[in-house]
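**Student:** What follows is a structure written as structure tokens; I'll ask about it next.
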Ligand code: C5P
């Protein structure tokens, strides 16, 4: 017997969290919530509408005007901002360069966390982000904390962006990943940190399929434990 659980995946930028979360969601037929996409969508809105992110009233107005939804299109998790498909735009460098500043704003976090808790309230869900196991779902039955060597992460992100036709240098990517990790781990409101009960997965030397097999085994173990 197996019982549906909540799985929290946290970790540094470009550690393969979403690849793993999507793989587990597919294998277990779980819902997947990409919380980073939500902070990215807010950031895109702020860029496009020239929102002064230092001003709380402007941020609140922006949050009141933002509607974020996920839809599955051609089998892919796709982000919609006010009914517009923004899946590509939220992964580009202007958003990469500002998202951690926007995600550090408490007003933004409060709004996103509320929505994530609502979307994930049924069991049988996997979320990836920075504060899932510590803040969003501290009672998640399985918490994974992912990490990988910075050179491996930079190289992976380069290949990913190149595959999407974006021209960006290795140095620019390395700088962005380190900048985001620094802000994400040192911000005052819900910084990125490993939950005490999280299992650390360093995937520097793991292939995608090895990592998936390992984490699926951990998930099934917890699902069986919950059922017994
Ligand atoms: O996961 P992804 O790299 O797409 O996340 C983009 C950014 O969103 C992170 O660098 C972080 O600043 C922010 N984020 C966050 N909390 C989450 C998910 C993402 O602060 N739960």
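**Student:** Can you tell me which of 153, 187, 157 is at pLDDT below 95 and crowded, with 16+ Cβ neighbours inside 10 Å?
**Tutor:** Answer to the selection: 157.
**Student:** May I ask you to list pairs of residues, at least six apart or on different chains, whose Cβ atoms are under 6 Å apart, with the first in segment 29-40 being more than 14 Å from residue 82 (Cα to Cα) and the second being part of a strand (DSSP E or B) and within 6 Å of the ligand (Cβ to nearest atom)?
**Tutor:** 35/129; 36/129
**Student:** Here is a further query. Please work out if residue 56 is farther than 25 Å from residue 176 by Cβ, free of Cβ contacts under 8 Å to residues at least 24 places away in the same chain and more than 12 Å from the ligand (Cβ to nearest atom).
**Tutor:** no
**Student:** State all residues of segment 12-34 that are part of a loop (DSSP other than H, G, I, E, B), under 10 Å from the mean Cα position of the chain (by Cα) and surrounded by fewer than 22 Cβ atoms within 10 Å (Cβ to Cβ); if no residue qualifies, say none.
**Tutor:** 12
**Student:** Can I ask one more? For residues that are outside any loop (DSSP other than H, G, I, E, B) and either under 21 Å from residue 43 (Cβ atoms) or within 15 Å of the chain's Cα centre (by Cα) (or both), tally how many sit in segment 119-149.
**Tutor:** 16
**Student:** Does residue 108 meet the test of being within 11 Å of the ligand (Cβ to nearest atom), in a helix (DSSP H, G or I), over 14 Å from the mean Cα position of the chain (by Cα) and crowded, with 20+ Cβ neighbours inside 10 Å?
**Tutor:** yes
**Student:** For a quick check of your reading of the model, give me the residue pairs whose first member lies in segment 194-209 and is exposed (fewer than 13 other Cβ atoms within 10 Å of the Cβ), whose second is in a loop (DSSP other than H, G, I, E, B), with beta-carbon atoms closer than 6 Å and at least 6 apart or on different chains.
**Tutor:** If the second residue must be in a loop (DSSP other than H, G, I, E, B), the pairs left are 204/148; 204/149.
**Student:** Another question about this same structure. Among the residues of segment 111-147, write down those that are within 25 Å of residue 170 (Cβ to Cβ) and surrounded by 20 or more Cβ atoms within 10 Å (Cβ to Cβ).
**Tutor:** 128, 130, 146
**Student:** Pick from 225, 208, 122: which is touching a helix residue (DSSP H, G or I) at 6+ places or on another chain (Cβ under 9 Å) and away from the ligand (no atom under 16 Å from the Cβ)?
**Tutor:** 208
The values are calculated or read from the model by the stated rules, or taken from the named source; none is laboratory data. Note that this is a predicted model, so its numbers are computed, not measured. As a convention, Cβ positions derive from the backbone with ideal geometry for all residues, glycine included, and neighbour counts pool all protein chains shown.
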